[in-house]
1. How high is the relative contact order of region 225-341, in percent, with contacts defined as C-alpha pairs under 8 Å that are six or more residues apart?
2. If each DSSP helix of 4+ residues adds -39,500 (n - 2.57) and the sum is divided by the residues in the chain, what number results at 222 nm, nearest 500 deg cm²/dmol?
3. How high is the relative contact order of region 132-200, in percent, with contacts defined as C-alpha pairs under 8 Å that are six or more residues apart?
4. For L214, list long-range residues whose amide hydrogen, built 1.01 Å from N in the peptide plane, is under 5 Å from its own amide hydrogen.
5. Mind jotting down the distance between the C-alpha centroids of region 2-50 and region 284-349, whole Å?
6. So who's got an amide H within less than 5 Å of the one on L157, skipping anything under 5 residues away but keeping other chains? H placed 1.01 Å off N, in plane.
7. With contacts defined as alpha carbon pairs under 8 Å and 6 or more residues apart, what's the relative contact order of the chain in percent?
8. Hey, fewest Cβ within 10 Å first, where do H335, H142 land in order?
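All of the numbers you see were taken from the coordinates with simple rules; none came from a lab. Just so you know, these numbers come straight off a predicted model, no measurement behind them. Counting neighbours? That spans all protein chains shown, and the Cβs are built from the backbone with ideal geometry, glycine included.
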Amino acid sequence: MVVLGIETTCDETAAAVVERLPTGRGRILSNVVLSQIAEHAAFGGVVPEIAARAHVEALDLIVAQAMKEAGRSFASLDGVAAAAGPGLIGGVIVGLTTAKAIALVSEKPLLAVNHLEAHALTARLTDGTPFPYCLFLASGGHTQIVAVLGVGNYVRLGTTVDDAIGEAYDKVAKLLGLGYPGGPAVERQALGGDPTQASLPRPMLGRPHADFSLSGLKTAVRLEAERRAPLSDGDVRDLCAGFQQSVVEVVADRLRAGLKLFRKHHGKPTALVAAGGVAANEAIRKVLHQVAFEAGTVLVVPPPELCTDNGAMIAWAGAERLALGLTDTLAAAPHARWPLAEVTKPAHALPVTSDVTILDIIATGLPKIAPAKDG
Ligand code: KG4
Ligand code: ZN
């Protein structure tokens, strides 16, 4: 089963072709990612209108390149997947509309994939991780602990009540003049700093739930920076080290709480899986290993290029859904907001045989994804 996947929810224009083998294992045939970092850098963050325009300009070429590198024609695909949200709505519309056009013209099933579900299922593509596992998803837009019980079967155990972890890294980088994206820059500065020099809070530490809060920590860094201004290079390094140390302690504590909740309600997880750009951070990876070990499980972290946004994860999630008959109609809506709990589950599936086309599916009018809850 071979699926094209398109990702345009934030600032990466990406397309990939992935094969799902009959054994359930995956193989990446191509994976093309065009980052828009240069377009947004001058503004210190992603500008939605610039992102949408850049997706429009690049997507056709990126899809063509992914197909060429995979040595595939549209006619030889089994399905066409696009991230239908959550994300910046302009970009989501560009990717989903392109996928619909390809699906319609080549008479292939459409898979309107939830971007978070794609992050959640990536460990099955890279490592064949069996259900159920505990996912820690930490990116610029999301910070969640999720019990991944099956395709379409997700229980959120914890989330951030304000900023995402990647967002906090980006904001700290901005206020310290380190540029965008902030995560790698703050991590680099933190290496040379003393984390004990600034006294910063550890929000949510010790709470029985598994939620996060990052905005108070970011504000504390800002106040400390203002107190010390003008900042020396050493001050910047110490503030980065202090901020990162606080994040590491909070992540460890929140994941311990999340894994406890997991065990209570869903038994022992097969793994702790990390995903999202923040999982590229060495200090955070180190503590994740430790937390997984303490919980008697293993840590699975897909390679960095599959932790950050990419088309392969969308294609793979599409293939997993297609294998269960979870296809979508051309009426599938783009979503700015689309919680994991609202994705369609296999119980609502229609079986998909090789001779069912997108036109047949449109004719039946089933199945449909949950209505949009944007905003
Ligand atoms: O998953 P991703 O590529 O895009 C989405 O946000 O969906 O994640 C990007 C985020 C940015 O906020 C970036 O600053 C953060 O991940 N990030 C990091 C590191 N590398 C990327 N945060 C901390 N340490 C890093 N090494
Ligand atoms: Zn993402």
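1. Values: 66 pairs, mean separation 23.5, N = 117.
That works out to 20 percent.
2. Numbers: 12 runs with 165 residues, N = 375.
Using -39500 (n - 2.57) per qualifying helix, the result is -14000 deg cm²/dmol.
3. Values: 94 pairs, mean separation 14.3, N = 69.
Once normalised by length, the contact order is 21 percent.
4. Excluding prolines and chain starts, which carry no amide H, the hits are V161, D162, D163.
5. For region 284-349 versus region 2-50, the Cα centre distance is 14 Å.
6. Close amide H contacts, sequence-distant or interchain: I145, V146, A147.
7. Details: 863 pairs, mean separation 83.8, N = 375.
Once divided by the residue count of the chain, the mean separation gives 22 percent.
8. On the way: H335 27, H142 22.
Fewest-to-most ranking of H335, H142: H142, H335.
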